[in-house]
Structures are given as structure tokens and as C-alpha cells.
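Step one of this worksheet: look at the structure below.
The values are calculated or read from the model by the stated rules, or taken from the named source; none is laboratory data. Owing to the predicted nature of the structure, the values given are computational and were not obtained by experimental measurement. Don't worry about glycine lacking a Cβ; one is built from the backbone with ideal geometry, like all the others, and counts go over all protein chains shown.
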Amino acid sequence: MARPSRAVFVTLLTAGVLTGLVTSAQAVPGASQTAAGTTAAPPVLTPAKTEGAAPTSAGVAKAVAAALADPSLGKHHGVYVYDASRDKLLYSLGTAKPYVPASTMKLLTTVSALETIGPEHRFSTKVVQSGKSIILVGGGDPLLVAKRQTDELDFPVRASLQDLAASTAKALKAQGVSNVTLGYDASLFTGPSANPKWEPNYLTEGIAARTSALWVNEGRLSAGMAKRADSPAAAAATAFAAQLAKVGIKAAGLKAAVAPAGAKALAQVDSPTVGDIVEYINLHSDNDGAEVMLRQVGLATKNGGSYTGGVAGVRATLTKLGLDLTGARIEDGSGLSRTNQVPLEVLAGAVRVAASEDNPQLRHLLTGLPIAGFTGSLRERFAGPGTATGTGMVRAKTGTLTGVHSLAGYARDKSGTLLVFAVATDSAPPAKALDARAALDRVTSALAACGC
């Protein structure tokens, strides 16, 4: 039970140290005087103490050698470490060939979304009126839910069909209307709803949904990793009709439609910001959200709302950000496809460009990464021998498929150097999955401990 309080402390400390918000003036112990002569509260954080020399290639190589020699990593494993404080490659090993990235692919998708769409943008789900009919129009909100959230700690706050139904009913009743024909429009996205590069069981076992511009609860028919709707848009319309019934509007029809241009908008609800959606996707490794954002990148780059358009948009955006995609094969937005091939330099590069002073619009990529041992997909990690120095101080996106394990993120080492890294294997024996993950945890913990 002691872990949550430490998590809060480590989160604050890590945020302060990594973003440079804790200056020497702010961190002097004791109270300070304000301009008005009143006594201000003492600061929460004291300056981070640095020790040791700036890291060197030889020092990093020595620090990570033992963990990288773990046989559970298989034959094809490697690490890429970049000194972001001095803007130079520090160390790399096993980087001659690209890797199956698994969910670290989400870094490429989400950094592209931040760059092309912008962190403050919101996606709207609307109801428009056409004669005696109304049409539910999907805007590609990946986090739309059926019912209004009740848990104040559930982040981010999502748009709901319940709220949309309440606003729609109010507008209809003002017209004296209580019976409508309901259509639904998911035409914003195009092309196949399921990626042909995925394993067939992904859909049948609930690992992924059919991507749609209109869905609710990410196409889930029940909570958890369960069966998804064959038509997420139709399922969303059915859920919306049920919400309308609760507020006195009877909806019939429920047919696919395309909203006429210029149709009157009766009501709408807006998604969380793109920045908040990006944080959610990377914190929880949300496959479905990543696939929706891939389509949104395709639209934002004028490549269209298909998965192929999204891939084209991601490649163009990453190139614009200065990443060399030579040798990279990008097949989806989530990393579910085993045919993805990405150099470690590119995975680390997404983090590197987000940390650059030139790209404040990309900061949500950094702030949303899981904290080692405390949050998201790293909550149950960094608990074994050799990982104490990384707990709370490493922030990274995870990647996991059978035989594939990866981490890409950043840490501040003991000398104060900001290290950006990517470490991966795509040849781990399946029976050694936990050992392989533990080895990667030790690699990154060694970076956080480095004063070398």
C-alpha cells in the first residue's frame, strides 16, 4: 500500500527534473517573500542532485552489458541510446537490422497525430436533422462511451452518447417532435475496417476492433477484452437509440446513411483533446485508439481516412520531423502487425523530437509515457533485481508480442543527462518472455543509474 504515495512523489520529481521546471531559485528551502510582502508557501521539491561524469559511449556500454547478455533476449536484440542533452548518439548495439516494434509503434502514430492535428484539437460526434430524420455522425472520436463517466479519477473525461441524447432530445422536444427515424454515418473513414496484416484471431478474440469513425466503447459488446461488434457504427446507433428512449424520444429505422451537406446540427459532443487522447493511448497501450488516430493522421495529411492513407501520413510526418525511415516498414498504427519493421533509431527518434525545445506541440508524447513500476503498462514492471534505480525514473512505451519485447522512452541519469533510448528483441524464446522483459527493465535501469 506504500506504492501509491511513492508514485505521486516520483511523478512530481520526475516531471520537475525532466522538464526543467524546478529551478535553483524555486527550490531554495524555506519560505520566500512575494512582491506584496506576504510569505509564500515553501516549495514542494528541492533541486535534483547530480553526481558522476557525463555519460560516455564506453561507460554506457559497460553499464548495460550484463543485462544485454541475458540469453532470454535471443539472437536479435539491441539498444540505441541518444544523449538528448548534448544532441548526439551515445551508444548503439544490434542496430544493423530493424525490429518488429510491437506496441512501441504507437509512438510513431501518436507523435504524428500531435504534429499534424495539434494537441488541442477535439473530434466531434454530431446529430444532424434532415426532414423528419436524424443522423448520428461519427467524427472519429476513439474514446466515445455510451454512458456518462461517474468516476472523477477516470482520465480523460470522455464524450458520451448519454449526453448527446439529452441534448438531442431537448432540441427535438422544442420542435414538438418525439418520434424520429435514425440513421448513422461513419463515412469519415474509408477502406477496410480490419487491417489485412493482422492475425485473424485479433478480431474474433477481442484483441482489436474493426476501426470505425463511429463507435462506442471501442466497439465492445461487453467490458474487457471481449467480442467486438461486427459493425461498430450500427452498434453505436443502437446504443444511441436506447439513450434517446430514456429521455422520451422514440427512434426507429437505424440504417446507414450519409449526412447531407449543410444538414442542420441539433447537438454534438466533443472528445478529449488530441493531447489527452495521445497520453491515454500510450499509457494504456490502446490498440483501438491508435488505429483511429492513424486514420485521423491520414485525413490531416490529405492522404484519406483509410489505414493505407494513415500509413502514408505517418511516413510523411516522421520524415518532416527529421527521422530517416530507410529500412522502416509501417503497416498499421498500433503495432499489432508482425510485418512492421522499424529501426531502433526511429523509435527513439520519436521521443527525441518530442523532447526538442523546437517542438512544444509534441510534449504530450513525453508526459503520457508510463512510469516504471507505477503507471500504465509499466505498473507491474521494474520489480526484480537490478531495477530499483529505474523505478519511478524511467518512462517508456512498452511493446509485446510473442517473442517480441521492446521499450522506448527516456530517463535522466545521475549526471543530469537526458537519455533517450530504444531497446528491443524480436527473437526471445516464448517460454522466456518474463525473463526477456526483466532484462530490458535492467537495461533501462542501468541508464538511469549511470554517472558514467
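The requirement of being surrounded by 21 or more Cβ atoms within 10 Å (Cβ to Cβ), farther than 24 Å from residue 117 by Cα, touching a residue at least 60 places away in the same chain (Cβ under 8 Å) and not hydroxyl-bearing (Ser, Thr, Tyr) is not satisfied by residue 214. Name the single residue that is surrounded by the most Cβ atoms within 10 Å (Cβ to Cβ) among those in region 86-107 being out of contact with any helix residue (DSSP H, G or I) (no Cβ under 9 Å at 6 or more places or on another chain), hydrophobic (A, V, I, L, M, F, W, C) and in contact (Cβ under 8 Å) with a residue 40 or more places away in the chain. Among residues in region 86-107 that are out of contact with any helix residue (DSSP H, G or I) (no Cβ under 9 Å at 6 or more places or on another chain), hydrophobic (A, V, I, L, M, F, W, C) and in contact (Cβ under 8 Å) with a residue 40 or more places away in the chain, the one surrounded by the most Cβ atoms within 10 Å (Cβ to Cβ) is 102. Yes or no: region 416-432 includes at least one residue that is surrounded by fewer than 22 Cβ atoms within 10 Å (Cβ to Cβ), under 29 Å from residue 117 (Cα atoms) and in contact (Cβ under 8 Å) with a residue 60 or more places away in the chain. Yes. The set of residues in region 261-302 that are closer than 30 Å to residue 405 by Cβ and of a type in the set (Lys, Arg) contains only 295. Count of region 69-88 residues, restricted to those that are under 11 Å from residue 352 (Cα atoms), hydrophobic (A, V, I, L, M, F, W, C) and not in a loop (DSSP other than H, G, I, E, B), is 1. Of 331, 291, all but one fail to be surrounded by 23 or more Cβ atoms within 10 Å (Cβ to Cβ) and in contact (Cβ under 8 Å) with a residue 12 or more places away in the chain; the exception is 291. When region 49-85 is limited to residues that are among the acidic types (Asp, Glu) and within 19 Å of residue 417 (Cβ to Cβ), the one that is surrounded by the most Cβ atoms within 10 Å (Cβ to Cβ) turns out to be 83. Whether a residue is crowded, with 20+ Cβ neighbours inside 10 Å and assigned by TED's automatic domain parsing to the domain that holds residue 136 was assessed, and residue 263 does not pass this test.
Limited to region 143-196, what total is found for residues that are within 20 Å of residue 129 (Cα to Cα), part of a strand (DSSP E or B) and among the β-branched types (Val, Ile, Thr)? Quick ask: steps written out before the conclusion?
Initial filter on region 143-196 (within 20 Å of residue 129 (Cα to Cα)): 160-188.
Pick out the ones that are also part of a strand (DSSP E or B) and you get 160, 179-185.
With the extra rule that they be among the β-branched types (Val, Ile, Thr), the set shrinks to 180-181.
The total comes to 2.
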